[in-house]
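Report on one structure; see the data block that follows.
The values are calculated or read from the model by the stated rules, or taken from the named source; none is laboratory data. Given the structure is predicted, the values throughout are model-derived calculations rather than measurements. Note that we place each Cβ from the backbone using ideal geometry, even for glycine, and neighbour counts take in every protein chain shown. Areas reflect the complete protein model, heavy atoms only, side chains present, ligands, DNA and RNA absent. Shrake-Rupley method; radii C 1.70, N 1.55, O 1.52, S 1.80 Å.
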Amino acid sequence: MRLLSAALALSLPLTPFIVFMVMTDYSGILIYVFMGITAIIGVIGLVRGRGLGRAGLFSAFSSMALLAFAMGYIPYTTGVALGTVNEPALRWLALSISLSIYAYFLGNVYEASSRIARRMRELGYGAEGLRELDTTNAVVIGVGVLLLGVSFVITLLMEVLRIISLAPVIALLLFIIVYLIAMVIARVHRG
C-alpha cells in the first residue's frame with residue numbers, strides 16, 4: 001500500500017493540468033512547463049524520502065494561480081488573460097485541485113509509513129509487523145478517499161440547494177438537524 005500511496009502522490013497532482021489542457025484554451029507549452037515542474041518536485045521528494053507531498057501543494061497553488069489569471073479581477077484590471085475557463089471546466093478543476101490536495105495527504109502518508117517501516121526493520125520486526133503497517137496505511141488511504149467523497153457530496157448538495165433556491169432559514173434548519181443527528185450518533189458510539 002505504501003507503493004500505491006507513492007504512485008498516487010506522484011500522479012494525482014498532474015490532473016489539474018490535464019483539465020487545463022483539455023478543457024481550456026491555455027497555451028500547451030505553459031501547461032507542459034507546470035506539469036514538468038510538478039513531476040520534478042514529486043520525483044525529487046520521492047528520491048529524497050521527504051517532500052513527496054509538495055508536488056500536490058505546488059499543483060494546487062499553481063492551478064489556482066492559473067485560474068486567477070484566466071478570470072476575475074486580475075484579467076479585468078490588466079486587460080490580459082492567460083486563457084479562458086468555461087463553467088464545466090470550473091467543476092472539473094475544482095475536482096482535480098482537490099485531488100492534488102489529496103496527493104499532498106498521500107505523500108505525507110507514504111513518508112510517515114516509510115519512516116515507521118524503516119524503524120520497525122531496525123528493531124527487528126518481521127513481515128507480519130510490516131503487513132500490519134500496510135493495513136494501517138490502507139485504512140488511512142481509505143479514510144482520505146471517504147473524506148474526499150464526503151466533500152464532493154457536500155459540494156453537489158450545495159449546488160442542488162443553490163439551484164432550487166432554498167431559503168436561508170430552511171438551510172439553517174437543515175444544518176441544525178444534520179448536526180444534531182451527527183451528535184447523537186457520536187454519543188451513541190462513544191458509549
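Observations on the model:
- Full extension of the chain segment joining MET71 with LEU172 gains 33.2 nm, where the gain is 0.36 nm per residue of separation less the Cα-Cα distance.
- Comparing ASN86, ASN137, ASN108 in a Gaussian network model of the chain (Cα springs below 10 Å), the most mobile by mean-square fluctuation is ASN86.
- The residues MET21, MET158, sorted by heavy-atom accessible surface at 1.4 Å with ligands and nucleic acids left out, run MET158, MET21 from largest to smallest.
- Once C-alpha pairs closer than 8 Å and six or more residues apart are averaged by separation and normalised to the residue number of the range 1-146, the relative contact order reads 35 percent.
- Among the DSSP helices (H) of the chain, those spanning at least 20 angstrom by Cα along their long axis with an average Kyte-Doolittle hydropathy of 1.0 or more are 28-48, 54-68, 127-163, 168-190; this is a geometric and hydropathy rule only.
- Per-residue surface analysis assigns VAL153 an accessible area of about 90 Å², computed on protein heavy atoms at 1.4 Å probe radius.
- Residue-normalised accessible area of the chain, expressed per residue, 1.4 Å probe, Å²: 63
- Ordering TYR26, GLY49, PRO16 by Cα displacement along the dipole of the range 1-146 toward the positive end leaves GLY49 in first place; charges were set at the Cβ atoms of Lys, Arg (+1) and Asp, Glu (-1).
- Along the axis of the charge dipole computed for the range 1-149 (Cβ charges of +1 for Lys and Arg, -1 for Asp and Glu, origin at the Cα centre), the listed residues SER100, PHE69, LEU82 are led at the positive end by SER100.
- In the context of the full protein assembly, ILE97 retains an accessible surface of approximately 20 Å², using a probe radius of 1.4 Å and ignoring ligands and nucleic acids.
- Full extension of the chain between VAL150 and VAL47 yields a length gain of 33.8 nm, computed as 0.36 nm times the residue separation minus the alpha carbon distance.
- Relative to the Cα centre, the charge distribution of the chain, modelled as +1 at Lys and Arg Cβ and -1 at Asp and Glu Cβ, gives a dipole magnitude of about 560 debye.
- Candidate values (i) 146; (ii) 164; (iii) 134, label of the one derived for volume of the Cα convex hull per residue in Å³: (i)
- Pairwise FRET efficiency - LEU4 versus ARG121, Cβ, R0 = 25 Å, nearest 0.05: 0.80
- Rounded to 0.05, the FRET efficiency of the THR78 and VAL22 pair, given R0 = 30 Å and the Cβ-Cβ distance, is 0.70.
- Sorted largest first by accessible area at a 1.4 angstrom probe radius, with every protein chain in place, the residues PHE175, PHE17, PHE105 fall in the order PHE175, PHE105, PHE17.
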